[in-house]
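Q: Dropping the structure in here first, questions after.
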Amino acid sequence: MAGILVKCLFFFVSLCLAINLAKCIPNTKKTYIIQMDKWAKPDVFIDHVKWYSSLVKSVLPSTPEGEKTGDEEERILYSYQTAFNGVAAQLSEEEVKQLQERNGVLAVFPEIKYQLHTTRSPMFLGLDREDSSKLWADRLSDHNVIVGVLDTGIWPESPSFNDTGMKSVPAHWKGVCETGRGFEKHHCSNKIVGARVFFRGYEAASGKINESGEFKSARDQDGHGTHTAGTVAGSVVRGANLLGYAYGTARGMAPGARVAAYKVCWVGGCFSSDILSAVDQAVADGVNVLSISLGGGVSSYNRDSLSIAAFGAMEKGVFVSCSAGNGGPDPISLTNVSPWITTVGASTMDRDFPATVKLGTGKIVTGASLYKGRMNLSTQKQYPLIYLGSNSSSLMPSSLCLDGTLDKASVAGKIVICDRGISPRVQKGQVVKEAGGVGMILTNTAANGEELVADCHLLPAVAVGEIEGRAIKRYASGRNATASLRFLGTKLGIRPSPVVAAFSSRGPNFLTLEILKPDMVAPGVNILAGWTGALGPSSLPIDQRRTNFNILSGTSMSCPHVSGIAALLKARHPNWSPAAIKSALMTTAYVHDNTYKSLKDASSVTTSTPYDHGAGHINPRKAVDPGLIYDIGAQDYFEFLCTQELSPSQLMVFGKFSNRTCHQSLANPGDLNYPAISAVFPEKVSVLTLHRTATNVGSPISNYHVVVSSFKGAVVKVEPERLNFTSKNQKLSYKVTFKTMSRQKAPEFGSLIWKDGTHKVRSPIAITWLASL
């Protein structure tokens with residue numbers, strides 16, 4: 001009998017292979033985002049949602065009786081109608097091919113997985129000074145600015161979201177407070193004005209959320225979302241600290257602004273269909289600013305669903321701020337590079353958390369740490385020191401202190417040297433602790449240079465730079481090496497600062513060299529802000545400590561700084577466009593540190609460039625009164641896209657929302673009225689002219705003159721050299737002509753500054769000579 005069954009099974013499989021194996025095995029369904037032409041809806045449909053459903057139904061397989069399977073409602077995950085038009089649906093590859101041929105379908109995007117880009121800063125930015133409030137006119141609560149934060153949710157009990165003294169929710173607000181496990185209506189307030197969750201794309205890709213282990217609600221279990229929301233608009237909290245570190249008054253950039261939490265990230269990541277739905281809903285709800293601290297690589301403009309959604313948000317007047325990514329110091333590592341998105345890199349502040357390593361030789365090495373726990377090492381005693389790597393530059397699993405790689409017999413009772421990389425920094429310390437080690441020295445590699453990121457370790461641990469790390473490892477290779485660790489608390493007035501963070505992603509923007517990215521840098525290293533009550537400050541499940549605040553680093557932390565400052569500017573200048581706000585931030589940014597020298601790069605300790613810091617470090621006190629702005633409208637951005645060699649159908653994904661067409665008003669991409677200037681010389685081109693239009697937002701009668709850097713490879717001429725304004729909001733244009741004198745192998749950098757005696761309106765300049773292929 002068994003033999004007959006085997007023969008039957010063999011015959012069936014052979015038959016499948018002979019006919020078509022794909023027809024015998026159900027096609028795998030994946031999530032796709034379908035962008036629709038809203039104007040192509042047939043009159044027979046009463047609304048767009050019905051039309052979208054009909055289109056999806058039209059490509060579904062039929063039953064033997066010719067009827068559709070009827071699962072189109074289950075297939076459709078989201079409908080988009082505000083910043084984006086279309087649906088997210090689960091389809092097979094064959095169904096996608098059929099759908100792409102249907103009338104009204106503009107584009108189909110496969111689901112993309114995005115990752116999170118993971119106190120003192122208001123003072124560092126000059127927002128705590130007594131005269132600061134005068135800059136921002138009336139109380140911010142009177143302006144009703146709402147910031148939408150796309151992240152891991154929010155912990156509503158955090159003191160950062162206290163709404164004492166805030167007026168009722170703005171009348172224009174259309175958002176809601178969605179309930180779920182651990183999140184009820186009363187968790188929203190006059191500070192947290194909305195909370196929504198987006199998980200259909202995540203569940204379609206990863207399976208149902210385990211609700212016993214994860215909040216399927218806006219409640220933040222990860223901590224990242226609470227931290228970013230608190231950085232944007234956290235209320236004033238006196239006595240804020242992390243286990244005694246960074247003690248002081250914590251506040252967000254815009255403490256009077258409101259927060260709307262859009263939870264798009266879960267334990268397994270963040271998915272584009274969920275993110276797109278959140279952007280679409282946030283714009284419909286009525287947010288003024290969107291803060292998005294995540295990224296998913298770089299695609300062409302017409303293939304990037306977040307870029308397209310951000311374009312739609314910009315059309316509705318919403319300022320969109322995104323993190324640049326943590327791929328530095330590698331060049332061309334940026335994400336979120338579209339010109340209508342404000343791309344934010346990370347920098348340090350003048351606060352540090354020093355800790356020292358004392359070697360058996362008596363040498364003392366300074367590092368950083370946030371350790372505060374029950375395991376304490378005596379500063380009067382030296383402990384055996386061990387490094388389980390080799391003297392070569394190549395890293396090993398044991399030198400990285402990866403889980404299961406440390407020999408307990410070798411490690412017990414010793415301070416272990418661990419190389420940074422692969423696994424989370426705090427996890428390395430836990431591996432050492434479980435192996436019986438009493439402490440850890442975390443050494444930077446070439447990728448991190450001398451940048452020190454402090455962590456809340458579970459055992460005594462100190463992070464040191466690459467150079468000192470190499471020296472410590474050489475010492476540890478000898479006999480009877482010993483060390484002791486000491487923790488020195490919080491230190492202010494660190495010089496130099498700011499410094500561009502080593503992890504901050506770098507330009508150039510390889511999609512379009514003429515658009516200089518990142519746009520700016522902001523504090524993103526060792527940032528104190530609100531934290532979840534569901535997780536310890538190390539983020540390790542074993543950590544039973546609970547704190548109201550935590551200290552984190554990443555461009556995820558720098559992005560909400562800019563989002564919050566944008567909220568301040570929107571409150572001060574309600575009629576400013578997103579581009580005007582970005583211009584004010586960029587043209588007033590500074591490019592020197594507190595030693596009055598050029599900004600440095602933490603990875604190399606050399607001078608950074610606009611490919612690292614963009615226009616410079618944000619300066620909110622100056623941004624409120626920039627003098628001049630470079631404004632850009634939605635049609636201007638569309639004209640930029642018309643220079644990007646996109647086909648008419650590819651342009652339609654941006655143009656159909658408002659029936660836009662190309663007017664060919666830009667001679668090249670560099671003519672976009674961007675606050676930064678990037679001159680790109682193709683092979684055999686020696687003269688290039690770019691154009692800009694400045695809008696006067698200062699005194700009606702204002703007279704500016706121009707100052708331009710000198711370059712080795714080119715002569716730069718600005719015409720006219722003076723801009724004489726006679727009224728507020730008047731626009732005057734000028735042109736910048738670059739003439740090559742000697743083609744350079746590497747880009748050159750400088751600046752163009754308009755001065756009127758009060759304002760310095762600075763645009764960074766990059767000149768690139770393309771080599772022949």
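The values are calculated or read from the model by the stated rules, or taken from the named source; none is laboratory data. Remember, it's a predicted structure, so these values are computed and weren't measured experimentally. Cβ placement follows ideal geometry from the backbone for every residue including glycine, while neighbour counts extend to all protein chains displayed. Keep in mind that these areas ignore ligands, DNA and RNA; they rest on the heavy atoms of the full protein, side chains included. Shrake-Rupley method; radii C 1.70, N 1.55, O 1.52, S 1.80 Å.
Q: State which residue pairs qualify: first residue over 16 Å from Pro508 (Cβ atoms) and of a type in the set (S, T, N, Q) and inside the stretch 747-773, second residue modelled with pLDDT under 95 and open to solvent by 50 Å² or more (accessible area, probe 1.4 Å) in any location, beta carbons under 9 Å apart, and separation of 6 or more residues or different chains.
A: Once the first residue is over 16 Å from Pro508 (Cβ atoms) and of a type in the set (S, T, N, Q) and sits in the stretch 747-773, its partners that are modelled with pLDDT under 95 and open to solvent by 50 Å² or more (accessible area, probe 1.4 Å) give Ser772/Glu683; Ser772/Lys684.
Q: A further question on this structure: Determine whether Ala261 is closer than 23 Å to Tyr32 by Cα and not basic (Lys, Arg).
A: No, not satisfied.
Q: Just need a number here: residues in the stretch 236-253 that are touching a Lys or Arg at 6+ places or on another chain (Cβ under 9 Å), more than 22 Å from Phe353 (Cα to Cα) and either at pLDDT 95 or above or open to solvent by less than 10 Å² (accessible area, probe 1.4 Å) (or both).
A: Residues of the stretch 236-253 touching a Lys or Arg at 6+ places or on another chain (Cβ under 9 Å): 236-237, 240, 242-246, 248-250.
Then keep just the ones that are more than 22 Å from Phe353 (Cα to Cα); that gives 236.
Checking which are either at pLDDT 95 or above or open to solvent by less than 10 Å² (accessible area, probe 1.4 Å) (or both) leaves us with none.
So the count comes out to 0.
Q: Which ones in the stretch 438-470 are farther than 18 Å from Pro354 by Cβ, hydroxyl-bearing (Ser, Thr, Tyr) and modelled with pLDDT of 95 or more?
A: Listed by number, the list is empty, since nothing qualifies.
Q: What residue, among those in the stretch 758-770 that are at pLDDT 95 or above and over 17 Å from Asn619 (Cα atoms), is surrounded by the fewest Cβ atoms within 10 Å (Cβ to Cβ)? Quick ask: steps written out before the conclusion?
A: So the first thing to find is which residues in the stretch 758-770 are at pLDDT 95 or above, and the list is 758-769.
Still in the list and also over 17 Å from Asn619 (Cα atoms): 765-769.
On the way: Ile765: 24, Ala766: 21, Ile767: 23, Thr768: 17, Trp769: 21.
Result: Thr768.
Q: Still on this structure: Report yes if some residue within the stretch 286-302 is open to solvent by 10 Å² or more (accessible area, probe 1.4 Å), closer than 17 Å to Gly175 by Cβ and touching a helix residue (DSSP H, G or I) at 6+ places or on another chain (Cβ under 7 Å); otherwise report no.
A: Looking for residues that are open to solvent by 10 Å² or more (accessible area, probe 1.4 Å), closer than 17 Å to Gly175 by Cβ and touching a helix residue (DSSP H, G or I) at 6+ places or on another chain (Cβ under 7 Å), one finds at least one in the stretch 286-302, hence yes.
Q: Same structure again: Which residue is modelled with the lowest pLDDT, if the candidates are limited to the stretch 290-326 and must be touching a Lys or Arg at 6+ places or on another chain (Cβ under 8 Å) and over 21 Å from Tyr32 (Cα atoms)?
A: Going through the qualifying residues, I end up with Ala324.
One line per residue, one yes/no per condition, for (1) in contact with a Ser or Thr (Cβ under 8 Å, 6 or more places away or on another chain); (2) under 18 Å from Val147 (Cβ atoms); (3) of a type outside the set (S, T, N, Q); (4) modelled with pLDDT of 95 or more:
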| residue | (1), (2), (3), (4) |
| --- | --- |
| Ile565 | no, yes, yes, yes |
| Leu569 | no, yes, yes, yes |
| Ala580 | yes, yes, yes, yes |
| Val605 | no, no, yes, no |
| Thr609 | no, no, no, yes |
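Q: Could you check the stretch 731-757 and list, in sequence order, the residues that are more than 33 Å from the chain's Cα centre (by Cα) and in a loop (DSSP other than H, G, I, E, B)?
A: Met741, Ser742, Arg743, Asp756, Gly757
Q: Right, Val431: assigned to a strand (DSSP E or B), of a type in the set (A, V, I, L, M) and within 24 Å of Ile551 (Cβ to Cβ) or not?
A: For Val431, the condition - assigned to a strand (DSSP E or B), of a type in the set (A, V, I, L, M) and within 24 Å of Ile551 (Cβ to Cβ) - is not met.
Q: Another question about this same structure. Out of the residues in the stretch 189-227 that are in a loop (DSSP other than H, G, I, E, B) and hydrophobic (A, V, I, L, M, F, W, C), which is surrounded by the most Cβ atoms within 10 Å (Cβ to Cβ)?
A: Ala218
Q: Could you list, in sequence order, the residues of the stretch 582-599 that are over 23 Å from the mean Cα position of the chain (by Cα) and not in a loop (DSSP other than H, G, I, E, B)?
A: His592, Ser598
Q: Continuing with this model, one more query. Inspect all residues belonging to the stretch 208-220 and state whether any of them is among the polar types (S, T, N, Q), out of contact with any Lys or Arg (no Cβ under 8 Å at 6 or more places or on another chain) and at pLDDT 95 or above. I'd like the intermediate steps shown before the answer.
A: Keep residues of the stretch 208-220 that are among the polar types (S, T, N, Q), which gives 210, 212, 217.
From what's left, out of contact with any Lys or Arg (no Cβ under 8 Å at 6 or more places or on another chain): 210, 212.
Among the residues that remain, those that are also at pLDDT 95 or above are: none.
No, because not a single residue in the stretch 208-220 is among the polar types (S, T, N, Q), out of contact with any Lys or Arg (no Cβ under 8 Å at 6 or more places or on another chain) and at pLDDT 95 or above.
Q: Can I ask one more? Looking only at the stretch 600-617, count every residue that is outside any loop (DSSP other than H, G, I, E, B) and surrounded by fewer than 19 Cβ atoms within 10 Å (Cβ to Cβ) and tell me the total.
A: The qualifying residues number 2.
Q: While we're looking at this one, here's another question. Only one residue in Gly328, Gly362 is in a loop (DSSP other than H, G, I, E, B), in contact with a Gly (Cβ under 9 Å, 6 or more places away or on another chain) and farther than 30 Å from Gly165 by Cα, so which one is that?
A: Matching residue, one of Gly328, Gly362: Gly328.
Q: Another one. Which of the residues that make up the stretch 407-425 are open to solvent by 20 Å² or more (accessible area, probe 1.4 Å) and outside any strand (DSSP E or B)?
A: Within the stretch 407-425, Asp407, Lys408, Ala409, Ser410, Ala412, Gly413, Lys414, Arg420, Ile422, Pro424, Arg425 meet the criteria.
Q: Do the conditions hold for Thr379, that is, is it in a strand (DSSP E or B) and open to solvent by 10 Å² or more (accessible area, probe 1.4 Å)?
A: When the stated conditions are applied, Thr379 does not pass them.
Q: Would you mind stating whether Thr63 is buried (at least 20 other Cβ atoms within 10 Å of the Cβ) and modelled with pLDDT under 85?
A: Here the answer is no, as Thr63 does not meet what is asked.
Q: Scan the stretch 194-207 for residues that are modelled with pLDDT under 95 and farther than 15 Å from Ser273 by Cβ and report the count.
A: Number satisfying all stated conditions: 1.
Q: Now for a separate question. Specify which of the listed residues (Pro384, Pro354, Pro397) is farther than 30 Å from Phe640 by Cα and in contact with a Leu (Cβ under 6 Å, 6 or more places away or on another chain).
A: Working: Pro384 fails: in contact with a Leu (Cβ under 6 Å, 6 or more places away or on another chain); Pro397 fails: in contact with a Leu (Cβ under 6 Å, 6 or more places away or on another chain).
Going through Pro384, Pro354, Pro397 in turn, the sole match is Pro354.
Q: Check Ala454 against each of (1) open to solvent by 30 Å² or more (accessible area, probe 1.4 Å); (2) more than 26 Å from Lys263 (Cβ to Cβ) and name the one condition it does not meet.
A: Looking at each condition in turn, Ala454 falls short on (1).
Q: Going through the stretch 306-363 one residue at a time, which ones are closer than 20 Å to Gln281 by Cα and over 16 Å from the mean Cα position of the chain (by Cα)?
A: Ile308, Phe311, Gly312, Ala313, Met314, Glu315, Lys316, Gly317, Val318
Q: Another question about this same structure. Given the condition within 20 Å of Ser608 (Cα to Cα), open to solvent by 70 Å² or more (accessible area, probe 1.4 Å) and more than 34 Å from the chain's Cα centre (by Cα), answer yes or no: does some residue in the stretch 695-715 qualify?
A: yes
Q: How about the stretch 133-183: which of its residues are buried (at least 17 other Cβ atoms within 10 Å of the Cβ), of a type in the set (Gly, Ala, Ser) and at pLDDT below 95?
A: Ser141
Q: Can you name the number of the only condition in (1) crowded, with 24+ Cβ neighbours inside 10 Å; (2) in contact with a helix residue (DSSP H, G or I) (Cβ under 9 Å, 6 or more places away or on another chain) that Gly317 fails?
A: Failed condition: (1).
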